[in-house]
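A.B. asks: Structure in structure tokens, see below.
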Amino acid sequence: MLQGSLQNLESVYLGTGGHFVQETYPNEIGQGLSEWLKRV
């Protein structure tokens with residue numbers, strides 16, 4: 001899994017998704033990006 005291979009990787013579990021996860025979880029992805037941007 002990618003999480004174990006990359007240092008400083010942050011991830012958020014969104015649930016099951018198909019090919020276009022950004023279309024299934026647009027609000028959750030936007031919220032995660034917003035929170036990340038506030039920290040950097």
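A.B. asks: So, in region 7-29, exactly how many residues are at negative phi, surrounded by fewer than 10 Cβ atoms within 10 Å (Cβ to Cβ) and assigned to a loop (DSSP other than H, G, I, E, B)?
C.D. replies: Selection size over region 7-29: 7.
A.B. asks: Looking at LEU9, LEU14, LEU33, which is the one that is of a type in the set (A, V, I, L, M, F, W, C) and either over 10 Å from the mean Cα position of the chain (by Cα) or at pLDDT below 90 (or both)?
C.D. replies: Exactly one of LEU9, LEU14, LEU33 is of a type in the set (A, V, I, L, M, F, W, C) and either over 10 Å from the mean Cα position of the chain (by Cα) or at pLDDT below 90 (or both), namely LEU9.
A.B. asks: Checking the condition in a helix (DSSP H, G or I) and exposed (fewer than 10 other Cβ atoms within 10 Å of the Cβ), which residue from GLY4, GLY32 passes? Steps first, please.
C.D. replies: Details: GLY32 fails: exposed (fewer than 10 other Cβ atoms within 10 Å of the Cβ).
Answer to the check: GLY4.
The values are calculated or read from the model by the stated rules, or taken from the named source; none is laboratory data. Please read all numbers here as calculations on a predicted model, not as lab measurements. Quick reminder, even Gly has a Cβ in these numbers, built from the backbone with ideal geometry, and neighbours come from all protein chains shown.
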